[in-house]
Amino acid sequence: MIEKINKLLEEVESFAPADIKELESLRIEYLSKKGKISVLFNDFRNVPPEQKKEVGEKINKLKQKAAEKINILKEQLSGSSDENIDIDLSRPGAKFDMGSRHPLSIIRNEIIEIFNRIGFIVTEDREIEDDAHNFGKLNFPENHPARDMQDTFFITPDMNILLRTHTSSVQIREMEASKPPIRSLSPGRVYRNEAICARAHCLFHQVEGLYVDTGVSFADMKQTLMFFAKEMFGEKTEIRLRPSFFPFTEPSAEMDVSCTLCGCKGCAVCKHTGWLEIMGCGMVDPNVLKAVNIDPKKYSGYAFGMGIERIAMLKYGIKDLRMFFENDVRFLNQFAKI
Ligand code: DAH
């Protein structure tokens, strides 16, 4: 009997299962009800009384030892289970999608950067405006059609509070808040009550520029805008100023750049004219200066305003304005490296 116990003890000590499954079969083989160790307890009945104490102690120790051994092995095998997972360390990592700048942000930043270089400072202001800043102080006559419900989103029934229809309102805010010399650039969102289509949207973006100082002339404006056009569209770009009308500038002009796509030969984008209209501009109307308490006899200034979508469409050859607002990643991804 003692020999049998010692043999089993040796066996228990040399347990070396490869995994949890093998360990479990060892447990069943030795410790289950009909296992090798449990069976010893049955044989114990036949042990002569004088040996009972010694044999009993040995069997108990064996059982304890086997249980301990199995517990230790169990811990080791489950603790090391991660190490057994097949890992291919040379496998490339999982790719995750990188965001990219929106094309409108890219163009806005480019415009800001160009004008920053010649001293224009970014000033932003509110999108919810009052009539005075969006229209009145900008010299819009009382019955100007732009004030019409068809163009403007009014917020209050008295039509005093509205969503700004252009960033020219920031000109007024800026001139009220500071004294000349003023050289400001105001990018931002504007709203108009238009049906959404490939060429128009109820929401779009503009950049407004303003320079007010003593002795500012139309020639200064032309030079500044020419610099901008060449920086934005390339050294060979030419500009053309056409007479126009805006209530807040006198004289007013519309600026065209030579068509960069066809080199002025005429194409579908420039409608076979060789020129692309990109902004409105002009000398700040003396009435506007008066409205913000700047003496028009002492100071003069120029202002300009352009649509960011329009510039982006020309630069990237985008034909539908709605693309900017749909957030389709197939569209946006194309600007990832720009
Ligand atoms: N506010 C004009 C618009 O929304 C653009 C504009 C034209 C701005 C002439 C100006 C300017 O500052 O001088 O169409």
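Tabulated data for the structure shown
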{"quantity": "Any cysteine of the chain lacking a neighbouring Cys Cβ under 4.7 Å - listed by number", "calculated": "Cys197, Cys202, Cys264, Cys281"}
{"quantity": "Most mobile of Ser14, Ser244, Ser300 in a GNM of the chain (Cα contacts under 10 Å)", "calculated": "Ser14"}
{"quantity": "Cα gyration tensor shape for the stretch 196-263, rounded if a/c is under 1.5, else prolate or oblate", "calculated": "oblate"}
{"quantity": "Across Lys95/Lys315; Lys236/Lys265; Lys7/Lys63; Lys4/Lys33, pairs whose alpha-carbon gap is larger than 21 Å", "calculated": "Lys95/Lys315"}
{"quantity": "Debye, to nearest 20: dipole size of the stretch 129-181, +1 on Lys, Arg Cβ, -1 on Asp, Glu Cβ", "calculated": "220"}
{"quantity": "For the stretch 232-268 and the stretch 1-31, distance of Cα centres in Å", "calculated": "93"}
{"quantity": "Relative contact order of the chain, defined on C-alpha pairs under 8 angstrom at six or more residues apart (%)", "calculated": "15"}
{"quantity": "Rounded to whole Å, sorted largest first: equivalent-ellipsoid semi-axes of the stretch 259-316, Cα gyration tensor", "calculated": "36, 12, 7"}
{"quantity": "Dipole axis of the stretch 103-335 (+1 Lys, Arg; -1 Asp, Glu on Cβ), positive-most option in Phe115, Gln171, Thr273", "calculated": "Thr273"}
{"quantity": "Anisotropy class of the stretch 135-202 from Cα gyration tensor, a/c 1.5 cut", "calculated": "oblate"}
{"quantity": "Stokes-Einstein translational diffusion, the stretch 157-272 - Kirkwood Rh over all Cα pairs, 0.890 mPa s, 25 °C, in µm²/s", "calculated": "146"}
{"quantity": "Euclidean distance between Cα centres, the stretch 179-204 to the stretch 285-332, Å", "calculated": "6"}
{"quantity": "For the stretch 2-82, alpha-carbon Rg and Dmax in angstrom", "calculated": "14.1, 52"}
{"quantity": "Gln223 versus Asn71: modelled label distance in nm, points set 7 Å from Cα along the beta carbon direction", "calculated": "9.2"}
{"quantity": "Debye, to nearest 20: dipole size of the stretch 102-202, +1 on Lys, Arg Cβ, -1 on Asp, Glu Cβ", "calculated": "360"}
{"quantity": "Cβ-defined net charge surrounding Ser184, 14 Å radius [Lys, Arg +1; Asp, Glu -1]", "calculated": "-3"}
{"quantity": "Selected from Met255, Met279, Met159 as most flexible by GNM, with the chain as the system and alpha-carbon contacts under 10 Å", "calculated": "Met159"}
{"quantity": "Packing rank of 105-111, 48-54, 280-286, 186-192, where each peptide gets the mean count of other beta carbons within 10 Å, highest leading", "calculated": "280-286, 186-192, 105-111, 48-54"}
{"quantity": "Placed amide H near Trp275: partners under 5 Å, 5+ positions off or other chain", "calculated": "Cys259"}
{"quantity": "At R0 = 22 Å, FRET efficiency that the Cβ-Cβ distance of Lys7 and Gln64 yields, to 0.05", "calculated": "0.80"}
{"quantity": "Proximal lysines relative to Lys297, as straight alpha-carbon distance under 28 Å, when same-chain residues fewer than 8 apart are discounted", "calculated": "Lys137, Lys179, Lys222"}
{"quantity": "Whether the chain is rounded, prolate or oblate, judged on the alpha carbon gyration tensor where a/c under 1.5 counts as rounded", "calculated": "prolate"}
{"quantity": "Förster radius 51 Å - calculated FRET efficiency between Ser25 and Val269, Cβ distance, rounded to 0.05", "calculated": "0.05"}
{"quantity": "Using a Förster distance of 25 Å, the FRET efficiency for Glu54-Ala16 (Cβ separation, nearest 0.05)", "calculated": "0.25"}
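Each value in this text was obtained by applying a stated rule to the coordinates, not by laboratory testing. Computed from a predicted model, the values in this text were never measured in an experiment. When we count neighbours, we look across all protein chains shown, and the Cβ atoms used for this are built from the backbone with ideal geometry, even at glycine.
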